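Have a look at the structure below before the remarks.
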C-alpha cells in the first residue's frame, strides 16, 4: 500500500476520521499493514512493560516539561506483527507509523524511532502525565524538541509498509 499525504493549506495533517467513531474512549488501535490488528485499553497498556521519562519541548504556547509514564511503542506493535518482506535486509526499516489523534491531528514516525536497539529513548504511548492518569493515551517522542509529533488523544497507530 502506498500512502501519499498532502497537507491542507493550514499545514496541519489530518487523521483518519473513522477512528473516532469506531473506538471507545481510552483505547488505541494498531492497524494497517499488520497480520493481527489489535486494540488496547489504558488498563491493558498499564499491565504491559512500563517506562517513565521526563521530556521537554516547545509549543506555540511556550516551553513544556512533563514526566510521562507509558508503554513502549515497540511492545505494542510486536503483538500486531507488522507485515514485512522476509527477503529484505532490515525489512522493518521500510515501515512507517502514522499516529492518529481524536482531534484529527496526525504525525508520522519512522520505524527506527520505535526500536530500542536503534534509539536510546524510543517513542512510547503514555497513559499518565505528571503522575495523573490520562483519559486518552498520548504518543510521546523523546528528542522531538518542537513537540510536533506528540499526539494527544491518540486513537490509532497505522502501520504502513512503504516498500513491497
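The values are calculated or read from the model by the stated rules, or taken from the named source; none is laboratory data. Only a predicted model underlies this, so the values are computations on that prediction, with no experimental measurement involved. Glycine also receives a Cβ, built like all others from the backbone with ideal geometry; neighbour counts cover every protein chain displayed.
For residue 141, are the conditions met, namely being modelled with pLDDT under 90 and touching a helix residue (DSSP H, G or I) at 6+ places or on another chain (Cβ under 7 Å)? Taking the combined requirement at face value, the residue does not satisfy it.
Conditions (1) part of a loop (DSSP other than H, G, I, E, B); (2) modelled with pLDDT under 95; (3) closer than 30 Å to residue 164 by Cα, marked per residue:
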{"position": "30", "(1), (2), (3)": "no, no, yes"}
{"position": "44", "(1), (2), (3)": "no, no, no"}
{"position": "53", "(1), (2), (3)": "no, no, no"}
{"position": "58", "(1), (2), (3)": "no, yes, no"}
{"position": "66", "(1), (2), (3)": "no, no, no"}
{"position": "70", "(1), (2), (3)": "no, no, no"}
{"position": "76", "(1), (2), (3)": "no, yes, yes"}
{"position": "84", "(1), (2), (3)": "yes, yes, yes"}
{"position": "87", "(1), (2), (3)": "yes, yes, yes"}
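Kindly establish whether residue 80 is more than 20 Å from residue 129 (Cβ to Cβ), surrounded by 16 or more Cβ atoms within 10 Å (Cβ to Cβ) and modelled with pLDDT of 85 or more. For residue 80, the condition - more than 20 Å from residue 129 (Cβ to Cβ), surrounded by 16 or more Cβ atoms within 10 Å (Cβ to Cβ) and modelled with pLDDT of 85 or more - is met.
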